[in-house]
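**Q** Right, I'll just put the structure down here and ask away after.
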Amino acid sequence: MARKSTSSPAAPAASTSVDTTHKANTPPASTAAATHGEPCEPPVTYTKASEDSDDSPSYRFDFEHNRFETRYRNAPVPYDPSLLPNGSRSLSSISTQAFCLGLVFAFTISATTWLASEGYTIWRLPAFFSCLSIFHFLEFYTTATYNVPHCRAESFLIFSNGWHYNTAHALATLEIIISSFFPQYQSALVYPPYTIVIGFLLVFAAQVVRSVAMATAGTNFNHTPVQTRKEDHELVTQGIYSWSRHPSYFGFFWWALGTQVLVGNKVCLVGYLIVLWWFFHTRIIAEESTLVKFFGDDYEKFRQRTPTGIPFIR
């Protein structure tokens with residue numbers, strides 16, 4: 001925004017996105033009206049800044065553009081309305097979700113350690129939620145670090161993954177509880193230490209792959225497939241994308257299966273395998289048809305030489 005003097009009540013520079021719903025709340029005022037002798041008053045006014053400090057702020061709400069602004073004596077700093085409560089980048093929502101994820105992780109990792117040391121098989125329940133809390137935190141953190149333009153409060157993916165995602169985790173939780181309280185359901189082939197180690201390694205490695213993929217793609221990464229190519233959208237083929245053309249999908253596929261191996265869920269392991277394979281199979285087909293339109297022969301060549309890393313999805 002262009003710099004303006006605090007002594008002038010002039011409105012800020014026009015925004016590319018204008019909300020006209022508040023125009024009725026702005027008193028009609030113009031310099032032209034004043035020159036014809038008609039009374040006029042500024043649509044909004046600034047509180048007077050302190051005379052003895054250049055850092056004293058003054059505030060106003062711009063009804064025409066539906067946003068808050070604060071001005072310092074020498075440097076105007078506008079508020080982005082999306083940062084306000086209920087905005088797409090609401091700071092209050094982001095801080096609340098991050099705080100809750102931290103609480104969940106701290107509690108569940110402590111509970112997992114204690115329950116496992118005491119020989120309770122229900123340790124698998126807090127272990128599962130520990131994996132989930134780390135995953136959701138890293139989804140936001142990686143986006144906020146490497147993909148700022150697309151970062152939103154919903155980038156945690158806690159509430160935006162749909163009912164299929166929530167149902168899958170609910171069923172996994174149910175199987176953990178049932179298998180913990182009904183010993184006859186358990187099997188010696190599921191719970192020996194080596195399966196726990198395999199599950200942990202799968203979860204850890206797959207999480208690293210997904211986070212690295214998001215970081216490598218940067219602003220070219222989006223949690224939902226796009227249908228229109230932007231000017232700065234580039235085809236990423238370097239780094240981790242040189243051995244998997246969909247490393248974020250690869251990472252989530254093996255991460256989800258790893259959680260079920262870790263906690264010993266036999267039914268959900270099979271269910272996750274079938275559902276995730278079908279989901280990524282159909283999604284990759286649809287997404288790649290769009291990518292071919294975006295990048296033409298460049299993507300065709302990339303697709304031919306680079307696998308997905310997901311079994312039976314070439």
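The values are calculated or read from the model by the stated rules, or taken from the named source; none is laboratory data. None of these values were measured; they are calculated from a predicted model. As a convention, Cβ positions derive from the backbone with ideal geometry for all residues, glycine included, and neighbour counts pool all protein chains shown.
**Q** Pick from Asp232, Asp298: which is at pLDDT below 95 and either buried (at least 17 other Cβ atoms within 10 Å of the Cβ) or among the charged types (D, E, K, R) (or both)?
**A** Asp232
**Q** Would you confirm whether any residue within the range 205-213 is over 30 Å from Ala111 (Cα atoms), of a type in the set (Gly, Ala, Ser), crowded, with 18+ Cβ neighbours inside 10 Å and without any contact (Cβ under 8 Å) to a residue 40 or more places away in the chain?
**A** Yes, the conditions are met somewhere in the range 205-213.
Matching residues to (1) farther than 18 Å from Asn166 by Cβ; (2) of a type in the set (D, E, K, R):
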| residue | (1), (2) |
| --- | --- |
| Thr237 | yes, no |
| His246 | yes, no |
| Trp255 | no, no |
| Gly264 | yes, no |
| Glu288 | yes, yes |
| Glu300 | yes, yes |
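**Q** Now for a different question. Could you go through the range 168-185 and let me know if any residue there is assigned to a helix (DSSP H, G or I), closer than 24 Å to Phe137 by Cβ, of a type outside the set (A, V, I, L, M, F, W, C) and over 21 Å from the mean Cα position of the chain (by Cα).
**A** Yes.
**Q** Assess whether Trp277 counts as being among the aromatic types (Phe, Trp, Tyr), surrounded by 13 or more Cβ atoms within 10 Å (Cβ to Cβ), closer than 15 Å to Leu132 by Cα and touching a residue at least 12 places away in the same chain (Cβ under 8 Å).
**A** no
**Q** Further question on the same structure: Go through the range 140-170 and report how many residues are at pLDDT 95 or above and touching a helix residue (DSSP H, G or I) at 6+ places or on another chain (Cβ under 6 Å).
**A** 11
**Q** For the range 171-196, which positions are loosely packed, with under 15 Cβ neighbours inside 10 Å, modelled with pLDDT under 95 and either out of contact with any helix residue (DSSP H, G or I) (no Cβ under 9 Å at 6 or more places or on another chain) or of a type in the set (A, V, I, L, M, F, W, C) (or both)?
**A** Passing the criteria: Ile177, Ile178, Phe181, Phe182, Gln184, Ala188, Leu189, Pro192, Pro193, Tyr194.
**Q** Return the residues of the range 237-279 that are part of a helix (DSSP H, G or I) and either over 24 Å from Glu175 (Cα atoms) or of a type in the set (D, E, K, R) (or both); say none if nothing qualifies.
**A** Gly239, Ile240, Tyr241, Ser242, Pro247, Ser248, Tyr249, Phe250, Lys266
**Q** Starting from the range 93-104, take each residue that is farther than 17 Å from Phe135 by Cβ and modelled with pLDDT under 95 and list its partners that are surrounded by fewer than 12 Cβ atoms within 10 Å (Cβ to Cβ) and among the charged types (D, E, K, R), counting only C-beta distances under 6 angstrom and pairs at least six apart or across chains.
**A** Within 6 Å, no pair qualifies.
**Q** Considering only residues of the range 77-123 that are among the small types (Gly, Ala, Ser) and part of a loop (DSSP other than H, G, I, E, B), which is farthest from Ile158 (Cα to Cα)?
**A** Residue satisfying both the conditions and the ranking: Gly119.
**Q** Six or more apart or on different chains, Cβ atoms under 7 Å: show the pairs whose first residue is in the range 238-266 and polar (S, T, N, Q) and surrounded by fewer than 23 Cβ atoms within 10 Å (Cβ to Cβ) and whose second is assigned to a helix (DSSP H, G or I) and modelled with pLDDT of 95 or more.
**A** Ser244/Phe250; Ser248/Arg210; Ser248/Ala213; Ser248/Met214
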